[in-house]
Amino acid sequence: MTDTAAPRTESDAGEDLSGNPLLSGRIPFPFDEIAPEHVVPAFRHALARGNEQLQAIIDLQAPRTYENTVQALEDVSERLSRVVRPVSHLMAVMNTPELRQEYETVLPELSAFYARMPLNPELWAAIKAYAGTDEARALTGVRQRHLTKLVRSFERAGADLPQDQKTRVETLRVELSRLTTEFANHVLDATNAWDLVITDEADLEGLPESARAQARAAAQSKGVEGWRFTLQLPSYQPFLQYAARRELRQRMYEAYMNRASSGEHDNRPLVKRILELRRELAGVLGFKDYADYALEDAMAHDGARAVAFEEDLTARTRPVWQREMAAVEAFARDELGITSLEPWDTAYVVERLRLARYDLDAEALRPYFPLDRVLEGLWELSRRVFGVRVRPRELAEVWHPDVRFFDVYDEDEQLLGSFYADWFPRESKRGGAWMGGMITGGPRPEGWKPHLASVVCNVSPPEGGRPALLAHREVETVFHEFDHLLHHTLSRVEVPALAGTHVPSDWVELPSQIMENWTWERPALDLFARHYETGEPIPEALFQKMLAARRFMGATHQMRQLSFGTVDLDLHVRYDPGTDGDPIERARQVMSAFALHPRFANDHFITSFTHIFSGGYAAGYYSYMWSAVLEADAFSRFRAEGLFSRETGRAFVDHVLSQGDAEDPAELFRRFMGRDPDPEALLRRDLDLGLMDAA
């Protein structure tokens, strides 16, 4: 499908943009044609066009309506995003020095455009003029919510500030955009700059064959002998879990936890500067702190409530965590001869304890999770529960040969949307996993407009002639990101700004995290968990071990998430960059309360904490646990009414996945569950509460 290509603007005079793929209007995007030299001219053309469209809204002589004012403003952002999103996506998945240079050249102009829009007094007057009309006062439903949120977004962005303060707000936003982009680039570069090459096979003691084969392939790709381990998670995590050589675990751990903390990739100055600018921005805009600013529209509403949530759940988790860690220390001392446990020992000892307690080696599950079978099962589960059909489509216009493309249909064979899937790590790709909305479709006056998105992970790649075999935690990640995709693709909201995953951060993780539950259920596993060689399902004895170990170290995992949320909120609520000294040291102090010993927090993890310094979760990391409380409770309805219940799945689509931000999230939850959330559901599912009783 093709959108209308962008018309020429006055700024294009003398410049031929007809061959620029970013301006072609082609959907799916022609990723295979986009080159760094296309970025600056395309962005500047799109920005010039955007300014012309904004001026047209301001200059409008006809009576103001929703369509010619509110919808027209929405259209400006949507058209600009068609040019920007493909490039910002490539910055995350195919980052090169050339692309980075071009993007950073025009990024200040892009940031300034978005910063100026709500600060434009004439545009603000136009919005207020429409809001004062009889038509605006008569709006209902999603359009009324859209207008209300639009007016408030202008107010909270500084529309009513005096001009000198507006100028400062624009400066702050442009600088923050630059710094957060630089932060992410430093983490990517620091991750790629380090590796551990092992040439003596004896140093691989304890490592499973999958990790060895992956490391052998990584060495061959660089033309070196031996086995090469990197700081990408599919390499790093198994090494920490299984490598018997303690000194090598220490080297890997310290390299990972101190990424981007020195040399040319040093993020330490950026951490403090970003926090300074965020605090100043919140103050200029009239908020007590950055968390109050960021969370005004969230379910938590302000920093104080988010802090209270974290503190309460931490207090309830701590007794179980203390018992878990006491068992780890005792096992390390008594069974492994490690008399002084260090942070690089913890994952290794936990794996050995799991094996001793449950006779379960997590690697024993990997052969049952070949990626292609996992995906087939995920598609079938989604068909049964949510009524969607996922079908592959051959597409040449992708950014890397590994990328696949899929279409999503409903039960009536209507195309709901499409998505790219990019599963494996590479040096040009940032770490982690995410779903990125590229086009927000949905109902329009002219009919249904398909959605477009990407699902990006960094799971274990194929190696040694074997298919990609996933660890169970990676299966959970794939399910997690796919339900973000369903939240985007099943959206039926007519206003893009309120559709799909454009929802509060403490609500957006409910749809994704709930999907992980099916990876623990035997009927769901039987859809896809088959040995990659024999086709046999997971033996019942192995499944029972897996199930028995589900709560193993559950409090430790929960405390880890709570520690990230707590340090995030502390830096954005309580920490004052002007008086409270070094934020790195402050973060260590906060993290030490979640560490077995204070020395465990003596690192620079904060300098690679991309979620809060470049990933959109500033003052919002608590959202993962907030949403976990909601999804643990919501899944209880599926457990009660049937794991594959189409009726329950339809209700989840109707009340959650399709609704975006069309209504208050708390009300959407009540509609699905028929009541308010049960805060105990998470503790019952994830923690061994017998340890709490024994504490």
If you put +1 on each Lys and Arg Cβ and -1 on each Asp and Glu Cβ, how big is the dipole of segment 240-371 around its Cα centre, in Debye rounded to 20?
280 debye
Using modelled backbone amide H atoms (1.01 Å from N, in-plane), which distant-in-sequence or interchain residues come within less than 5 Å of residue 27's amide H?
2, 3
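From the protein chains alone at 1.4 Å, what is the descending order of accessible area for 236, 114, largest first? Mind showing how you got there, number by number?
Details: 236 20, 114 90 Å².
Listed by decreasing accessible area, they come as 114, 236.
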Tell me, what is the per residue accessible area of segment 47-98 in Å², probe radius 1.4 Å?
40 Å²
Charges only on Cβ, +1 for Lys and Arg, -1 for Asp and Glu: so what's the dipole of the chain about the Cα centre, in debye to the nearest 20?
620 debye
Tell me which of 470, 408, 420 sits at the most positive position along the dipole axis of segment 375-527, charges placed on C-beta atoms (Lys, Arg +1; Asp, Glu -1).
420
How much accessible area does residue 149 have with a 1.4 Å probe, in Å² rounded to the nearest 10?
50 Å²
Would you tell me the accessible area of residue 222, worked out with a 1.4 angstrom probe on the heavy atoms of the protein chains, in Å² to the nearest 10?
100 Å²
Separation of the residue 312 and residue 258 label points, Cα + 7 Å toward Cβ, nm
4.0 nm
Rounded to the nearest 500, what is the chain's calculated 222 nm mean residue ellipticity when only DSSP H runs of at least 4 contribute -39500 (n - 2.57) each, over all residues?
-17000 deg cm²/dmol
Segment 183-256 and segment 412-485: distance between their alpha carbon centers, rounded to Å
26 Å
Could you sort 323, 259 by their accessible area in this structure, using a 1.4 Å probe and putting the largest first?
323, 259
Taking a ≥ b ≥ c as the square roots of the eigenvalues of the Cα gyration tensor, with a/c under 1.5 meaning rounded and otherwise prolate when a/b exceeds b/c and oblate if not, segment 511-666 is oblate
Rounded to two decimals, the Debye log10 I(q)/I(0) of segment 115-187 (Cα scatterers, no solvent) at q = 0.22, 0.26 Å⁻¹ is -0.92, -1.09
How about residue 449: which aspartates and glutamates have a C-alpha closer than 15 Å to its C-alpha, ignoring those fewer than 8 places off in the same chain?
3, 75, 78, 407, 410, 413, 494
Stretched out fully, how many nm does the piece from residue 560 to residue 576 gain, at 0.36 nm a residue minus the Cα gap?
3.3 nm
Using only alpha carbon pairs under 8 Å that are at least six residues apart, calculate the relative contact order of the chain and give it in whole percent.
15 percent
Structure-derived volume of the Cα convex hull per residue in Å³: which label, when the choices are (i) 178; (ii) 164; (iii) 187:
(ii)
Taking a crude spin-label model, label points 7 Å out from Cα along the C-beta direction, the residue 414 to residue 533 distance in nm is 4.8 nm
If you line up the Cα atoms of segment 232-308 on their principal axes, what length do they span on each, largest first, in Å?
54, 32, 18
Hey, what angle do you get for helix 97-116 against the long axis of the chain, alpha-carbon based, 0 to 90 degrees rounded to 10?
50 degrees
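Restricting things to alpha carbons, find the Rg to Rh ratio for segment 528-619 using the Kirkwood radius for Rh.
Taking Rh as the inverse mean 1/r over Cα pairs, Rg/Rh reads 1.22.
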Mind listing the long-range amide H neighbours of residue 438? Cut-off is under 5 Å, sequence gap 5 or more, other chains count too, H placed in the peptide plane at 1.01 Å from N.
452, 453, 454
Filtered GluC sites (Glu not before Pro), segment 337-431: DSSP coil and at most 10 other beta carbons within 10 Å
394, 413
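Which of the three applies to segment 282-399, rounded, prolate or oblate, going by the alpha-carbon gyration tensor with a ≥ b ≥ c and a/c under 1.5 meaning rounded?
oblate
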If you take the charge dipole of the chain about its Cα centre, with +1 on Lys and Arg Cβ and -1 on Asp and Glu Cβ, which of 237, 690, 356 is farthest toward its positive end?
690
Too-long pairs where the Cα-Cα distance tops 27 Å, listed order kept, from 166/429; 128/166; 166/272; 288/429; 166/288
166/429; 288/429
With charges only on Cβ, +1 for K and R and -1 for D and E, what is the dipole size of segment 46-111 about its Cα centre, in debye, rounded to 20?
100 debye
Of all trypsin sites (Lys or Arg not before Pro) in segment 598-695, which ones are in loop regions per DSSP and have a Cβ with at most 16 other Cβ atoms within 10 Å?
675
Segment 46-164 - convex hull of alpha carbons, volume per residue in Å³
119 Å³
Calc'd 3J(HN,Hα), segment 651-661, phi into Karplus 6.51 cos²θ - 1.76 cosθ + 1.60 (θ = phi - 60°), Hz, glycine/Pro = x, comes to 5, 5, 5, 5, 9, 10, 5, 8, 8, x, 10
To test your reading of the geometry: what angle, between 0 and 90 degrees and rounded to tens, separates the Cα axis of helix 472-489 from the longest principal axis of the chain?
20 degrees
Expressed as an acute angle from 0 to 90° and rounded to the nearest 10, what is the orientation of the C-alpha long axis of helix 233-242 relative to the principal long axis of the chain?
20 degrees
Treating every alpha carbon of segment 163-217 as one equal point scatterer without solvent, the Debye formula yields log10 I(q)/I(0) values at q = 0.17, 0.24, 0.25, 0.26 Å⁻¹ of -0.72, -0.93, -0.95, -0.98
Net +/- balance of residues flanking residue 174 in space, Cβ distance below 14 Å, scoring K and R +1, D and E -1
+1
Positive end of the dipole of segment 61-140, charges at C-beta (+1 Lys, Arg; -1 Asp, Glu), about the Cα centre: which of 71, 117, 133 has its Cα farthest in that direction?
133
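The values are calculated or read from the model by the stated rules, or taken from the named source; none is laboratory data. Nothing here was measured: the structure is a model prediction, and the numbers come from that model. Glycine also receives a Cβ, built like all others from the backbone with ideal geometry; neighbour counts cover every protein chain displayed. Please note that ligands, DNA and RNA were not included when accessible areas were found on the heavy atoms of the full protein model with its side chains. Shrake-Rupley method; radii C 1.70, N 1.55, O 1.52, S 1.80 Å.
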